[in-house]
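Just dropping this structure here.
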Amino acid sequence: QVQLVESGGGLVQPGGSLRLSCAASRNIFSISTMGWYRQAPGKQRELVASTTSSGTTNYADSVKGRFTIPRDNAKNTVYLQMNTLKPEDTAVYYCNAKALASTFWGKGTLVTVSS
């Protein structure tokens with residue numbers, strides 16, 4: 001089992017930055033993939049970014065060049081650094097962890113990009 005707790009959401013103006021944190025209840029080095037998903041109102045949940053235990057990262061086309069997904073294995077934490085935010089980035093952001101055959105989700109944190 002892995003418990004995931006997200007934090008860092010809030011209201012930010014277009015063009016601004018925000019950093020989300022996902023704290024895991026166990027050593028993330030043993031988790032094959034950790035990622036961030038988001039779900040906007042009326043839309044399906046989509047992958048934003050992911051990182052594997054070997055350090056391979058993957059980004060949705062819509063966030064490439066603006067978002068990064070650094071991880072701190074010592075703190076069992078994965079981050080989502082979001083820069084140059086746009087109104088269309090408004091969504092609930094969920095942390096996700098894949099370990100062996102299991103998938104775990106956090107409860108989500110709301111990001112609102114608005115002037």
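The values are calculated or read from the model by the stated rules, or taken from the named source; none is laboratory data. What you see is a predicted model, and the numbers here were worked out from it, not measured in a lab. For neighbour counting, all protein chains shown are included, and Cβ atoms are generated from backbone atoms with ideal geometry for every residue, glycine included. Protein only, heavy atoms only, side chains kept; ligands, DNA and RNA dropped before computing areas. Shrake-Rupley method; radii C 1.70, N 1.55, O 1.52, S 1.80 Å.
So for the chain, considering every pair of alpha-carbon atoms, how many percent are separated by more than 18 Å? Write down the numbers at each step before the final one.
On the way: 2911 of 6555 pairs.
So the portion of pairs separated by more than 18 Å is 44 percent.
Nearest 0.05, what FRET efficiency do Leu100 and Ser17 give at R0 = 30 Å with Cβ-Cβ as r?
On the way: r = 35 Å, r/R0 = 1.16.
That pair, Leu100 with Ser17, gives E of 0.30.
Now for a separate question. Give the separation of the Cα centroids, segment 1-64 to segment 70-115, in Å.
Between the Cα centre of segment 1-64 and that of segment 70-115, the gap is 3 Å.
Now, a different point. What is the magnitude of the charge dipole of segment 9-83 about its Cα centre, with +1 placed on the Cβ of each Lys and Arg, -1 on the Cβ of each Asp and Glu, and no other charges, expressed in debye to the nearest 20?
Values: 9 positive and 3 negative charges, 18 e Å.
So the magnitude is around 80 debye.
Next question. Could you order Leu110, Leu85, Leu11, Leu100 by accessible surface area, starting with the largest, using a probe radius of 1.4 Å? All intermediate terms of the calculation are to be shown ahead of the outcome.
On the way: Leu110 100, Leu85 5, Leu11 130, Leu100 180 Å².
In descending accessible area the options line up as Leu100, Leu11, Leu110, Leu85.
Also, quick follow-up: How much of the accessible area of the chain, in percent, comes from carbon and sulfur atoms when a 1.4 Å probe is used? Each step should come with its number before you reach the end.
On the way: 3040 of 6040 Å².
Carbon and sulfur together cover 50 percent of it.
Turning to a different aspect of this structure: Suppose all protein chains stay in the model; what accessible area per residue would a 1.4 Å probe give for the chain, in Å²?
On the way: 6040 Å² over 115 residues.
The answer is 53 Å² per residue.
Grab the other residues whose beta carbon is less than 13 angstrom from that of Ser21, score K and R as +1, D and E as -1, and report the net. Walk me through the intermediate numbers first.
Numbers: positive: Arg19, Arg71, Lys75; negative: Glu6, Asp72.
Counting the neighbours of Ser21, the net charge comes to +1.
Return the FRET efficiency for the residue pair Ala40, Asp72: r is the Cβ-Cβ distance, R0 is 30 Å, and the value is rounded to the nearest 0.05.
Working: r = 28 Å, r/R0 = 0.93.
About 0.60, to the nearest 0.05.
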